Amino acid sequence: MKNWYRQISLFFLICFLVIGVSFTSAEAAPLGASVSIDGGTISKSGVPGSTVNYTLTINNLEAVDAAVKVSAVSTGGWNTPVVVPAEFTLTASASREVVVSVPIPETATAGQNDVTTVYVKDGADAVLATIQLTTSVQAVATPVPAVAGRPLITISTYNTGSDICLYQFF
């Protein structure tokens, strides 16, 4: 009797482990894991106080609709980038463009840069795709100052052989 009890217990234990492992592996793969993000130009520049816009394409590589959330974080401490639209549903095998606007602080100096990380997440906040955008600060063009003082007038004369003298102003 003890042997039969051990065999049944062992059988249920093995079944439980097999079923448990299959549940665990099914939950580990995020739903809609086949979403990609493409950025044409991932490095741009602008002057202090301006906003640099990046157009990215989110692609649904699945044959089912996917609800996605797109967010962006500045790794250099700049103001939070804005993503439009930030949440939407991608139909099966479709693509959608989003615009990421990275504000450059007024206090930024030429040569500084910031790396913005863009995250594409599913409804359960599992990260499906990321991309990094690099924004650099350009030097502000300084205008050439106007010459101060009295205006300069140049007068030249020439004679054509007659009694009339011509003047030209430059």
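Distance between the 7 Å Cα→Cβ label points at GLN132 and THR89: 3.5 nm.
The phi torsions of the stretch 121-134, fed into the Karplus equation with coefficients 6.51, -1.76 and 1.60 and a -60° offset, translate into couplings of 10, 8, x, 9, 6, 7, 6, 9, 7, 9, 8, 10, 10, 10 Hz, rounded to whole numbers, with Gly and Pro shown as x.
Multiplying the residue separation of SER36 and ASN79 by 0.36 nm and removing their Cα-Cα distance gives an extension gain of 12.9 nm. Proximity of backbone amide H atoms, modeled 1.01 Å from N, is registered between SER43 and THR134 at under 5 Å, excluding neighbours fewer than 5 places apart on the same chain. Measuring r between the beta carbons of ASP125 and SER50 and using R0 = 41 Å, the FRET efficiency lands at 0.80.
Readers should treat all values here as calculations from the given coordinates under stated rules, not as data from a laboratory. Keep in mind it's a predicted model, so treat the numbers as computed, not measured. Cβ: placed from backbone, ideal geometry, glycine included. Neighbour counts: every protein chain shown.
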